[in-house]
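The values are calculated or read from the model by the stated rules, or taken from the named source; none is laboratory data. Please read all numbers here as calculations on a predicted model, not as lab measurements. FYI the Cβ positions are ideal-geometry reconstructions off the backbone, even for glycines, and counts take in every protein chain you see.
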Amino acid sequence: MNSQRIYLLGGDARVPALGAVLSRAGAKIGYYGLRGADCRTALGEALADARAVILPLPCSRDGETLFAPLWDEAIALQDVAAAIRPGTVVLGGRLPQHFREGLPDCDVVDYADCEELLLLNAVPTAEGVVALLLERLPVTVQGLACAVVGYGRVGKATARLLQNMGAHVTVFARSGTAVAEAVSRGLNAEPLADLGIKLRPFRAVVNTVPAPVLGKNELAALPKPCLLIETASAPFGIDFAAAKELELPVCKAGGLPGAVAPQTAGENLARVLCPLLQKKGLIA
């Protein structure tokens, strides 16, 4: 039987950075479902001595299998639930309801909506958006006419970074307070109403709103070529089918922190999880 106490299951390149911080905090760490880690034992055997299990963000992309892009085999969530012993502390991001229901005797925490983590991840997300613009467009960010739809955490970080790089940024927000705040920071800003009419001048549109806001009518107003970047999670803000029909390129840019800055994103995750693990008595 292994001697590990905290197991990290699945996840992407953020996981090694998270594990390193936890190890420095005195935790005994084990990995499963991560390429390059020692995962030779069966899942149930690996978790036999685990006092805590940390699942990735998101826990699953399809609701049925663990998010484990660095592992060659699918890991069913029902197998994960069956392998976790009663009384185990389970931390994960966007845990499916049926998975939570399969852990009735565990201490389950969903950290996806932690405000601190959302704020920390807004920065690598914004930098990831800039990286996509530089990669996909034949022009500089300086002077680029760019719309940012939504002015929450990611919208603010993205608009600020683009503005600092010399882009001509216009924010579209539903709240009058958000519009006023954007204006107070030197940004162009407009209400989200009648969005289609206002989109005509833009070479790039970054959506941060996890609700349908860019449908066929709005997308039809965009010039060609115009790059669309979707940073929001399901149900998304961009009508992907309409964009395809209109021949508008779309970058589905979910999970940018883990893709563009995995070490920073893993350390951000550790900043949130370490206090939780300390409260549970799992690290000093």
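Pull out all pairs, ordered by first then second residue, where Cβ-Cβ is under 9 Å, the residues are six or more apart or on different chains, the first lies in region 177-190 and is in a strand (DSSP E or B), and the second is surrounded by fewer than 16 Cβ atoms within 10 Å (Cβ to Cβ) and among the small types (Gly, Ala, Ser).
Within 9 Å, the pairs are Ala189/Ala180.
Here is a list of conditions, (1) free of Cβ contacts under 8 Å to residues at least 40 places away in the same chain; (2) crowded, with 22+ Cβ neighbours inside 10 Å, and Val154 meets all of them except one; can you say which number that is?
Failing condition for Val154: (1).
Of the residues Leu219, Leu192, Leu228, which is closer than 29 Å to Pro58 by Cβ, within 21 Å of the chain's Cα centre (by Cα) and in the same structural domain as Ala126 (by TED's automatic domain parsing)?
Result: Leu228 is the single residue among Leu219, Leu192, Leu228 that is closer than 29 Å to Pro58 by Cβ, within 21 Å of the chain's Cα centre (by Cα) and in the same structural domain as Ala126 (by TED's automatic domain parsing).
Criterion first (farther than 25 Å from Pro257 by Cα and among the hydrophobic types (A, V, I, L, M, F, W, C)) does Ala122 satisfy it?
On the way: farther than 25 Å from Pro257 by Cα: no; among the hydrophobic types (A, V, I, L, M, F, W, C): yes.
Considered against the rule, which asks whether it is farther than 25 Å from Pro257 by Cα and among the hydrophobic types (A, V, I, L, M, F, W, C), Ala122 comes out as no.
So, in region 157-168, of the ones that are more than 23 Å from the chain's Cα centre (by Cα) and touching a residue at least 12 places away in the same chain (Cβ under 8 Å), which residue ends up surrounded by the most Cβ atoms within 10 Å (Cβ to Cβ)?
Within region 157-168, the match that is surrounded by the most Cβ atoms within 10 Å (Cβ to Cβ) is Ala167.
Picking from Val141, Val123, Val108, which residue would you name as being of a type outside the set (Lys, Arg) and in contact with a Lys or Arg (Cβ under 9 Å, 6 or more places away or on another chain)?
None of the other options fit; the residue is Val108.
Can you tell me which residue in region 45-88 is surrounded by the most Cβ atoms within 10 Å (Cβ to Cβ), limited to those that are of a type in the set (Ser, Thr, Tyr) and within 10 Å of Gly10 (Cβ to Cβ)?
Filtering region 45-88 down to residues of a type in the set (Ser, Thr, Tyr) leaves 60, 65, 88.
Cutting the leftovers down to within 10 Å of Gly10 (Cβ to Cβ) gives us 60, 65.
Details: Ser60: 23, Thr65: 18.
Once the filter is applied, the top-ranked residue is Ser60.
Restricting to region 238-259, name every residue that is over 14 Å from the mean Cα position of the chain (by Cα) and in contact (Cβ under 8 Å) with a residue 40 or more places away in the chain.
Within region 238-259, the subset over 14 Å from the mean Cα position of the chain (by Cα) is 238-251.
Within region 238-259, Pro249, Cys251 qualify.
Say whether the condition of being crowded, with 18+ Cβ neighbours inside 10 Å, at pLDDT 95 or above and within 28 Å of Ala147 (Cβ to Cβ) is met by at least one residue in region 270-284.
no
Which condition number does Ala211 fail, the rest of (1) assigned to a loop (DSSP other than H, G, I, E, B); (2) in contact with a strand residue (DSSP E or B) (Cβ under 9 Å, 6 or more places away or on another chain); (3) of a type outside the set (Asp, Glu) being met?
Failing condition for Ala211: (2).
Do you know which of the residues in region 214-234 that are among the charged types (D, E, K, R) and out of contact with any strand residue (DSSP E or B) (no Cβ under 6 Å at 6 or more places or on another chain) is surrounded by the fewest Cβ atoms within 10 Å (Cβ to Cβ)?
So the residue we want is Lys224.
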